[in-house]
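Data block below; observations after.
The values are calculated or read from the model by the stated rules, or taken from the named source; none is laboratory data. As the structure is a prediction and not an experimental result, all values here were calculated from the model. Note that each Cβ is placed from the backbone with ideal geometry, even for glycine, and that neighbours are counted across all protein chains shown.
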Amino acid sequence: MDYRKTNKRKTSPASISAVLLILLITALTAGTACGAAEEERVAKLVEGARAEGKLVVYTTQPVTDATRIAKKFEEKYPFVKVELFRAATATVLNKLLAEARAKKHTSDIVYIAGFQASVIKKEGLYAPYLSPESRAYQPEYKDPEGYWTASFINPYLMGYNTKMLTRKDIPETFEGFLHPRWKGKKIGFDTDQVEWFANMLKVMGEEKGMDFFRKLVAQRLDYRLGHTLITTLVTAGEFPVGTVYLRAVEEKKKGGAAIDWVGVAPVIAKEMTIGLTTHAPHPNTGKLFVDFVLSREGQMINVSLHQVPARQDIDADILKKFKGIKFYPSDVSLAEKYAAYSKQWSELLKLP
């Protein structure tokens, strides 16, 4: 017997409507319950933060940027005073590690690049906190176990002096810089680019990547330390093109300087992460701060500071400038072999 044929029934429009109504009511009820639970969660954090009254942030951001975000957070939660410790990446990381060894727990929040975030996680210095706001972020821009999320993306770019070159002069890919026209101190190159180097080898492949870098070094690059310095020297015409970060170039452009930037493929995108420390003295305030930074409101502050927001649902003019440019998110797991990459890099550039 064919059960399907003998028991075939027609579903009436009324039955369909009833089912759809039940599903809608269920969805609305669930949404209301989730909304109420989230309101309760935030209310408890606010109550705890009011009692704590303070937040300590360790950050590698420019001090003006860190201060801007801190002030906006204080305006939202006026009962909190934010204390900033701003320093270079290595200094922030070493301070955190030294304090952990001394069992001195001062910081609540660490704002640092992805490679260093990997070290902090490995040392057990992050408290797992998966902010509800992190749902709006791609998997590549957050730790799979919820220890950190990217606040913004810092793509490795090439800046050029607009009085010396036009946009058409800049190669579409890095291989283009192997042309003889770029030989002899024509390219300002930051020596502190191990993370970029490691990711370039991953994208290009170890053998092809190393062959490229040997040829690039043979072009006799003009080595300097720091993207900010290189941005200044490109603007001054010390060399026509150099490695830069977006923010510094956009700030120079706003002041009328003769500099612009290009995304030369492959564009490695470094994550600038935010995370809550394991022994945070002010954990409730810390969680509120993470939520704030990752929210649309917090991300728009990053946009105003000429940073590329990591959040997916942000529509900003700065993103339109990257239209057609593919980002390769930095693989923070490569930090496990940082010493080996650093050795390769130093030997390649013949650094002391």
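Here are the numbers for this structure:
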| quantity | calculated |
| --- | --- |
| Any hit, the stretch 287-296, residues being over 17 Å from the mean Cα position of the chain (by Cα) and crowded, with 21+ Cβ neighbours inside 10 Å | yes |
| Residue match in the stretch 187-198 (condition: part of a loop (DSSP other than H, G, I, E, B) and closer than 26 Å to LYS254 by Cβ) | yes |
| Positions within the stretch 98-121 being more than 17 Å from LEU294 (Cα to Cα) and part of a loop (DSSP other than H, G, I, E, B), in sequence order | ALA102, LYS103, LYS104, HIS105, THR106, SER107 |
| Any hit, the stretch 208-223, residues being β-branched (Val, Ile, Thr) and either surrounded by 15 or more Cβ atoms within 10 Å (Cβ to Cβ) or not in a helix (DSSP H, G or I) (or both) | no |
| Test: ASP313 is closer than 14 Å to LYS270 by Cβ, touching a residue at least 60 places away in the same chain (Cβ under 8 Å) and charged (D, E, K, R) | no |
| Wholly enclosed helices (runs of 4 or more DSSP H) of the stretch 241-307 bearing at least 2 residues more than 21 Å from LYS320 (Cα to Cα) | 283-294 |
| Answer residue from the stretch 189-207, given it is in contact with a Pro (Cβ under 9 Å, 6 or more places away or on another chain) and more than 11 Å from TRP345 (Cβ to Cβ) and is surrounded by the fewest Cβ atoms within 10 Å (Cβ to Cβ) among those | VAL203 |
| Condition broken by GLY256, with the remaining ones in (1) surrounded by fewer than 16 Cβ atoms within 10 Å (Cβ to Cβ); (2) of a type outside the set (A, V, I, L, M, F, W, C); (3) at negative phi satisfied | (3) |
| Filter result for the condition that a residue is part of a helix (DSSP H, G or I) and at pLDDT below 95, over GLY48, GLY35 | GLY35 |
| Qualifying residues in the stretch 203-253 (those that are touching a residue at least 60 places away in the same chain (Cβ under 8 Å) and among the basic types (Lys, Arg)) - the one nearest to ASP65 (Cα to Cα) | ARG247 |
| Failed criterion for ARG311 (all others in (1) farther than 30 Å from LEU216 by Cβ; (2) surrounded by fewer than 17 Cβ atoms within 10 Å (Cβ to Cβ) hold) | (2) |
| Of all residues in the stretch 67-97 being touching a Ser or Thr at 6+ places or on another chain (Cβ under 6 Å) and in a helix (DSSP H, G or I), the one that is farthest from ALA49 (Cα to Cα) | THR89 |
| Some residue of the stretch 140-161 being surrounded by fewer than 22 Cβ atoms within 10 Å (Cβ to Cβ) and part of a helix (DSSP H, G or I) | yes |
